[in-house]
1. How about the range 6-30: which of its residues are without any contact (Cβ under 8 Å) to a residue 24 or more places away in the chain and touching a strand residue (DSSP E or B) at 6+ places or on another chain (Cβ under 8 Å)?
2. Filter the range 1-24 down to residues that are within 19 Å of Leu81 (Cα to Cα), part of a loop (DSSP other than H, G, I, E, B) and of a type in the set (Asp, Glu) and give me whichever is nearest to the chain's Cα centre (by Cα).
3. Here is a list: Val47, Val69, Val39, Val61. Which entry is of a type in the set (A, V, I, L, M), in a strand (DSSP E or B) and within 18 Å of Leu3 (Cβ to Cβ)?
4. Filter the range 31-65 down to residues that are open to solvent by less than 40 Å² (accessible area, probe 1.4 Å) and either touching a residue at least 40 places away in the same chain (Cβ under 8 Å) or farther than 19 Å from Glu105 by Cβ (or both), then give me how many there are.
5. Could you pull out every one of the helices (runs of 4 or more DSSP H) wholly within the range 218-294 that has 2 or more residues that are out of contact with any His (no Cβ under 6 Å at 6 or more places or on another chain), in contact (Cβ under 8 Å) with a residue 12 or more places away in the chain and open to solvent by 80 Å² or more (accessible area, probe 1.4 Å)?
6. Given the conditions (1) in contact with a helix residue (DSSP H, G or I) (Cβ under 6 Å, 6 or more places away or on another chain); (2) within 30 Å of Leu158 (Cβ to Cβ); (3) at pLDDT 90 or above, which single one is not true for Met266?
7. Could you check the range 72-86 and list, in sequence order, the residues that are open to solvent by less than 50 Å² (accessible area, probe 1.4 Å) and either among the charged types (D, E, K, R) or out of contact with any helix residue (DSSP H, G or I) (no Cβ under 9 Å at 6 or more places or on another chain) (or both)?
8. Which numbered condition trips up Val94, out of (1) under 31 Å from the mean Cα position of the chain (by Cα); (2) surrounded by 12 or more Cβ atoms within 10 Å (Cβ to Cβ); (3) of a type in the set (A, V, I, L, M, F, W, C)?
Amino acid sequence: MKLLGKYVDKGMQGNVTLVPEEPEDMWHAYNLIAEGDSVRSTTIRKVQNETATGSSTSSRVRTTLTIAVESIDFDTQACVLRLKGRNIEENQYVKMGAYHTLDLELNRKFELRKPEWDTIALERIDMACDPTQSADVAAVVMQEGLAHVCLITASMTLVRSKIEVSIPRKRKGNVQQHEKGLAKFYEQVMQSILRHVNFDVVKCVLIASPGFVRDQFYDYMFQQAVKMDYKVLLENKSRFMLVHASSGFKHSLKEVLQDPAVIAKMSDTKALGEVKALETFYMMLQCEPTKAFYGKKHVLRAAEAQAIETLLISDNLFR
């Protein structure tokens, strides 16, 4: 998410101008915008024109509208956020108070105004605009000639770099071209790690691959780190962890994150915080059902008795 402008006064009123750049940004926008907020963005409106003879023609025009949001619909497949509401600012094509649906899409600027900004909404903007500050786990899933460098936050996985290099096959009596191709590939992956991984925040870097690709890359990276004096890699060597993955594609991350050894290594990271809390709840529900409550009515009774240790709230209910 790109932040183009932000103004919030002492009374916590104000507006922000944002541009969603990745599919995950639309999820943040969905959680930011609430009923009663006003949103300003460009849209296409069908306009009826009447001629002097009385005949009418219709045309589609691009205009900028500001609506008071009444309903929000998020299409996860098309990655489009549909906001329905009444027009609240003068416009030459749309009457005041007329209903219109704004479609927020990737790379389309929008301005969001709230009657009152709370700390949760402001924190979400900071997190969405600088995910590196909340991504305390990085992962490199790779196979020969293909690698994805990812940052894993508490709510999403961001692919920061995709590296594809054509590596010549080994030929009998001549493996030099193959080794040159591999070295070129490993160099690009290493440079991508240096560029995208913030070791001030990241506590764990997973290197996952089928076969021995991860081991060969790991050896290459630290040989180069010594040779080129990459202190940031040498100082954080203990944060790297080699694990098995079935391929170098992003979907392999799911199996990597379910590995018990990985879970143990990531025990103090944000990405695992919610998973651990949910597992603790299910375990308590199974072993000590009198201590685990769910549903609004029972949770409110527990709150009245001041008997809540950990409270889990779904995004939907929080909105």
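The values are calculated or read from the model by the stated rules, or taken from the named source; none is laboratory data. All figures in this text were calculated on a predicted structure; none of them were measured in a lab. Glycine also receives a Cβ, built like all others from the backbone with ideal geometry; neighbour counts cover every protein chain displayed. When the accessible area is computed, the model is the full protein with side chains, heavy atoms only, and any ligands, DNA or RNA have been set aside. Shrake-Rupley method; radii C 1.70, N 1.55, O 1.52, S 1.80 Å.
1. Tyr7, the sole residue that qualifies.
2. Among those residues, the one meeting the criterion is Glu22.
3. Step by step, each of Val47, Val69, Val39, Val61 is checked, and only Val39 is of a type in the set (A, V, I, L, M), in a strand (DSSP E or B) and within 18 Å of Leu3 (Cβ to Cβ).
4. Here is the first cut: in the range 31-65, the ones open to solvent by less than 40 Å² (accessible area, probe 1.4 Å) are 31-34, 37-39, 41, 43, 47, 61, 63, 65.
Restricting the remaining residues to those that are either touching a residue at least 40 places away in the same chain (Cβ under 8 Å) or farther than 19 Å from Glu105 by Cβ (or both) gives 31-34, 37-39, 41, 43, 47.
Residues flagged as open to solvent by less than 40 Å² (accessible area, probe 1.4 Å) and either touching a residue at least 40 places away in the same chain (Cβ under 8 Å) or farther than 19 Å from Glu105 by Cβ (or both) within the range 31-65 amount to 10.
5. Numbers: elements: 231-235, 253-257, 260-265, 270-287.
Helices (runs of 4 or more DSSP H) meeting the threshold: 270-287.
6. (3)
7. Asp75, Leu83, Gly85
8. Status for Val94: all satisfied but (1).
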